[in-house]
Amino acid sequence: MRALRCNEYGSCETLVVEDLPDPQPGEGEVVVDIAAAAANFPDVLLVADQYQLHLPVPFTPGSEFAGTVRVVGPGVHDVAVGDRVVGAAMCGAFAEQIAVPSTSLQRVGPAVDLRQAAAFGVAHRTSYLALRTVADVAPGDWVVVLGAAGGVGLAAVELAHVLGARVLAAASTAEKLAVCVEKGADSTVNYATENLKERIKQITVEGADVVIDPVGGPWAEQALRSMKWGGRFVSVGFASGEIPRIPLNLVLLKGPVITGFTMAGLAKNRAEDVARDEAELWDLLATGRVTPHVGAAFSLEDGARALVELATRRATGKVLVEPGARS
């Protein structure tokens, strides 16, 4: 099989396609033919060896995929050859095939396109958990989404709209904000040309009820200053590369609830809420009430460009690598 390989840490542009032996399933594992894999910002960090977890080189990046079960290993009873599935792994998805535990997979219904399924999982799951369980968004709330045109951000815009919130999307270009409006944003702010704090206050009048922040950097404090007393600020990540330092006197004066989460931590400590959210989320996809926005798709040979799109913050929505496509 062909796979996109990281042989040395550094820029995503150094990734190369190599031929590897086809993976064989071990006990409890299956091999999946990958139809599409989604690029995520942690993939960029893993290639640069800047993620909180270290992967020794060489490795195949890519953590989120959808495809068809090719082979099942011993002890597998929950999926079968030919099943359409979506799954996630720490790495290995930017390849024609991947071997993973069957427990890491979820069946995809016939009405759902595998390309859409690959673009849906991590970003929409992260956003829905942040909105539904962590921020407890209610109809009519003003929800400010930073980095609103990125994978997590655009999912948050779409899902907050579905939950009945009023959505203020913040992004850096008019083109990105136009996509946010298509996904349900009620108002927008261009934080490259406008004062984020003042615009949020002007639009929301009383201040933001909720801020979803997958970006960090200087915009986090500006957004926090724009919130109403007792608002909920959810830190989802730091795509800007800068972890903000929030002055505690601001927290004292504004009285916000500032929180964050990891998937594993939330699943361990609020398992029932996570199960409810995931059931609701996949129903939204299956019934067509949400549709992931795929901003770009690349062949395996051009797969490095998918991560460069994320690293340079040019991406809008989700970026895919399609191993079966040819450049």
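The values are calculated or read from the model by the stated rules, or taken from the named source; none is laboratory data. In this text, all values refer to a predicted model and were calculated from it rather than measured experimentally. Please note: Cβ atoms are built from the backbone with ideal geometry, for glycine as well, and neighbour counts cover all protein chains shown. Areas reflect the complete protein model, heavy atoms only, side chains present, ligands, DNA and RNA absent. Shrake-Rupley method; radii C 1.70, N 1.55, O 1.52, S 1.80 Å.
Find the relative contact order for the chain and round it to a whole percent, using C-alpha pairs within less than 8 Å whose residues are 6+ positions apart. Walk me through the numbers before you get to the answer.
On the way: 760 pairs, mean separation 59.5, N = 327.
With pairs under 8 Å counted, the relative contact order is 18 percent.
When you count, for each residue, the other Cβ atoms within 10 Å and take the mean per peptide, how do 200-213, 143-156 rank with the highest first? Before the final figure, lay out the partial values.
Values: 200-213: 21.1, 143-156: 30.4.
Per-residue Cβ counts within 10 Å, averaged per peptide and sorted highest first, yield 143-156, 200-213.
All other residues with a Cβ under 14 Å from the Cβ of A99 taken together, and with Lys, Arg as +1 and Asp, Glu as -1, what is their net charge?
Values: positive: R70; negative: D22, E27, E29, D33, E96.
Result for the local shell: -4.
Please give the charge dipole size of the chain, origin at the Cα centre, charges +1 on K and R Cβ atoms and -1 on D and E Cβ atoms. Round to the nearest 20 debye.
Working: 28 positive and 38 negative charges, 195 e Å.
It works out to roughly 940 debye.
Would you list K268, K197 from the most to the least accessible area, probe 1.4 Å? Mind dumping the intermediate values first?
On the way: K268 170, K197 55 Å².
Ranked list, largest accessible area first: K268, K197.
Search the structure for amide H atoms under 5 Å from the amide H of L300, placed 1.01 Å from N in the peptide plane, and list their residues when 5 or more places away or on another chain.
Placed amide hydrogens put E322, A325 under 5 Å from L300.
Let me have the relative contact order for the range 147-269, percent, based on Cα pairs under 8 Å that are six or more residues apart.
Details: 203 pairs, mean separation 22.3, N = 123.
Dividing the mean separation by the residue count of the range 147-269 yields 18 percent.
Under unit Cβ charges (Lys, Arg +1; Asp, Glu -1), what dipole magnitude, rounded to 20 debye, does the range 56-124 have relative to its Cα centre?
On the way: 4 positive and 5 negative charges, 10 e Å.
In total the dipole reaches around 40 debye.
With a 1.4 Å probe and all protein chains left in place, how much of the accessible area of the range 198-327 comes from carbon and sulfur atoms, in whole percent?
53
Using 10 Å bins from zero, what percent of all Cα-Cα pairs in the range 71-183 falls into each bin?
P(r) over the range 71-183, rounded to whole percents: 13, 35, 28, 19, 6, 0.
Please give the calculated 222 nm ellipticity per residue for the chain, where each DSSP H segment of at least 4 residues contributes -39500 (n - 2.57) and the sum is spread over every residue; nearest 500 deg cm²/dmol?
Working: 10 runs with 98 residues, N = 327.
Computed ellipticity for the chain at 222 nm equals -8500 deg cm²/dmol.
Could you work out how far the C-alpha centroid of the range 157-203 sits from that of the range 3-28, in angstrom?
Their Cα centres are 38 Å away from one another.
Whole-Hz ³J(HN,Hα) for each residue in the range 305-310, computed from phi via Karplus 6.51 cos²θ - 1.76 cosθ + 1.60 with θ = phi - 60°, x for glycine and proline: what do you get?
The phi angles translate into 5, 4, 6, 5, 4, 6 Hz.
Name the residue from A89, V79, V100 whose Cα lies farthest towards the positive end of the charge dipole of the range 37-134, charges +1 on Cβ of Lys and Arg and -1 on Cβ of Asp and Glu.
V79
Pairs of Cα atoms under 8 Å, at least six residues apart: use those to get the relative contact order of the range 186-327, whole percent. Intermediate results must be reported in sequence, preceding the final value.
Values: 180 pairs, mean separation 21.6, N = 142.
Relative contact order for the range 186-327 comes out at 15 percent.
Taking the 0 to 90 degree range and rounding to the nearest ten, how far is the long axis of helix 151-162 tilted relative to the main principal axis of the chain, both from C-alpha atoms?
Taking Cα atoms only, the helix is inclined about 60 degrees.
Show me, for the range 284-301, the HN-Hα J-couplings you get by feeding each phi into the Karplus relation (A = 6.51, B = -1.76, C = 1.60, θ = phi - 60°), rounded to Hz, glycine and proline as x.
The phi angles translate into 4, 5, 4, 8, x, 7, 10, 9, x, 8, 9, x, 7, 9, 10, 6, 4, 4 Hz.
Within the accessible area of the range 3-110, what % is carbon and sulfur when the probe is 1.4 Å and the other protein chains stay in place?
Working: 2560 of 4800 Å².
Percent of accessible area from carbon and sulfur atoms in the range 3-110: 53.
Using a 10 Å cut-off on Cβ atoms, rank the peptides 185-192, 109-116 from the highest mean neighbour count down. Provide the component values of the computation, followed by the final result.
Values: 185-192: 20.0, 109-116: 14.9.
Packing order, densest peptide first, comes out as 185-192, 109-116.
Taking only Cα atoms, what is the 0 to 90° angle, nearest 10, from helix 114-128's long axis to the longest principal axis of the chain?
40
Taking 2.2 N^0.38 Å as the expected size of a compact globular protein, what ratio does the Cα radius of gyration of the range 161-243 give against it, to two decimals? Don't skip to the answer; put the middle values down first.
Details: Rg = 12.1 Å, N = 83, 2.2 N^0.38 = 11.8 Å.
Rg over 2.2 N^0.38 Å, computed on Cα atoms: 1.02.
Roughly how many Å² is the accessible area per residue of the chain, as a whole number, for a 1.4 Å probe?
Values: 14010 Å² over 327 residues.
Spelled out: the 1.4 Å probe surface of the chain, per residue, equals 43 Å².
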